[in-house]
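Notes to accompany the following structure.
Where a number appears in this text, it was derived from the coordinates with a stated rule and is not lab data. This structure is a prediction, so every number in the text was calculated from the model and none was measured. A quick note on method: Cβ atoms are made from the backbone with ideal geometry, for glycine too, and the neighbour counts reach across all protein chains shown.
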Amino acid sequence: MESPSPKTPLGLRDRALLELLYAAGLRASEILSLRIEQLDLPGRSARVIGKGDKERLVLLGSAAQEALDRYLHTARPKLVRSKSGGEVFLGNHGRRLTTSHLWGIVKRAAQTAGLDTRVYPHLLRHSFATHLLSGGADLRVIQELLGHASIGTTEIYTHVDEDRLAATVDRFHPRSRKNRPQ
């Protein structure tokens, strides 16, 4: 999250974009089409249009709120051109970012941070959901926050959490498979 430079307009944009992807668990299409009028920074929320043109309320953590506020007031005005629209995230030429721009931003940030694993925009959405679940959030709440129509779609995160729990037992319990004398 901290790898984009806060000293340039594009660095501020990239930091706000990454913070928002992770804080709200947004899909790539949702963040790229997000418009200024959909944001409620004082209320730490945004209304996004998801799959099937369904609108949902997403909540912003304080880090995302601060990064967005800084970008909108400091950097975005420097990116606006005569053909700019109301999209929150703009490129060098003042137009909304494309999916390939988004992938590049996420990949560059991961490389700058020294991450060896393959990082892509949807991974931040998965991290959002996984971290909520491992922190004790209710599966139905996560379903609502992600905008999943079916709880079955959200249940994939329980398997991730079960795998983490099993690995913890295997590693630390004295009678687990890995810790049993042979």
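Here the label points at Leu41 and Thr168, each 7 Å from Cα along the C-beta direction, are separated by 3.7 nm in the simple model.
Could you rank the peptides 89-97, 168-176, 131-139 by their average count of other C-beta atoms within 10 Å per residue, with the highest value first?
Listed from highest to lowest mean packing, they are 89-97, 131-139, 168-176.
His93: net charge of surrounding residues, Cβ under 12 Å, Lys/Arg +1, Asp/Glu -1, itself excluded? Local net charge: +4.
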